[in-house]
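The values are calculated or read from the model by the stated rules, or taken from the named source; none is laboratory data. Note that the structure is predicted; figures quoted are calculated from it, not measured. Don't worry about glycine lacking a Cβ; one is built from the backbone with ideal geometry, like all the others, and counts go over all protein chains shown.
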Amino acid sequence: MIALSEAVYPIGVVQKLTALSARQIRYYESCGLISPARSRGNHRMFSQRDIELLLKIREKINQGWALEGIRLALLTGELTSRAPGADDAQHTTPASMDAPGIPRVSSIFPVKNHASLNMRLDSGRR
C-alpha cells in the first residue's frame, strides 16, 4: 500500500487523474498552491495528497474562487481541514482570520472585483 504522502505519480498521470493540463499544474505550483516533490532528475512527483489538493483547487476555481482566495484558504488550513462535501454556503470565517493585524472580511470567495475589495481593506486600516 502506498502512503498518502509518498510522491510516486509523474505529472502525466496527475493530468489524467485531475483533468488539469501540465501548464495549469505548473502554474499552481508557481503561485505556491502546491509543492510537489522532485525526483533526482528534477521531475515533479506527486503524492495522493497532492492530487486531492489539485482536485480541491480545480473545484474552487470552477466555483469562481480567485487564486488568492484559494491561497488564503490553504494558509488558514480551510481547504485541507474541511470535511468532504461541506456546504460552502455555511462557510464561516476561520478563527485564525480574527488574529490581530489580519483584516476581517466576512467573505472574499469568490472575489469578483479586486479593486473594490482592496479599497475596503485599505479604508479599514486608517
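Observations
- Selection within segment 20-39 - closer than 16 Å to Tyr9 by Cβ and either without any contact (Cβ under 8 Å) to a residue 24 or more places away in the chain or not hydrophobic (A, V, I, L, M, F, W, C) (or both): Ser21, Ala22, Gln24, Arg26, Tyr28, Glu29, Ile34, Ser35, Pro36, Arg38, Ser39
Residue-wise test of (1) acidic (Asp, Glu); (2) modelled with pLDDT under 65; (3) in the same structural domain as Lys16 (by TED's automatic domain parsing).
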| site | (1), (2), (3) |
| --- | --- |
| Tyr27 | no, no, yes |
| Gly41 | no, no, yes |
| Asp88 | yes, yes, no |
| Ser106 | no, yes, no |
| Asp122 | yes, no, no |
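- Residues satisfying the stated conditions in segment 23-50, i.e. among the aromatic types (Phe, Trp, Tyr) and either over 25 Å from Ala3 (Cα atoms) or surrounded by fewer than 13 Cβ atoms within 10 Å (Cβ to Cβ) (or both): Tyr27
- Residues that are assigned to a helix (DSSP H, G or I) and under 16 Å from Leu79 (Cβ atoms) within segment 30-50 comprise Gln48, Arg49, Asp50, listed in sequence order.
- Of all residues in segment 51-79, those satisfying the criterion of being part of a helix (DSSP H, G or I), free of Cβ contacts under 8 Å to residues at least 24 places away in the same chain, exposed (fewer than 15 other Cβ atoms within 10 Å of the Cβ) and not acidic (Asp, Glu) are Asn62, Leu75.
- Given (1) surrounded by 12 or more Cβ atoms within 10 Å (Cβ to Cβ); (2) within 22 Å of Leu75 (Cβ to Cβ), index of the condition Tyr9 fails: (2)
- Some residue of segment 54-76 being hydroxyl-bearing (Ser, Thr, Tyr), at negative phi and modelled with pLDDT of 90 or more: no
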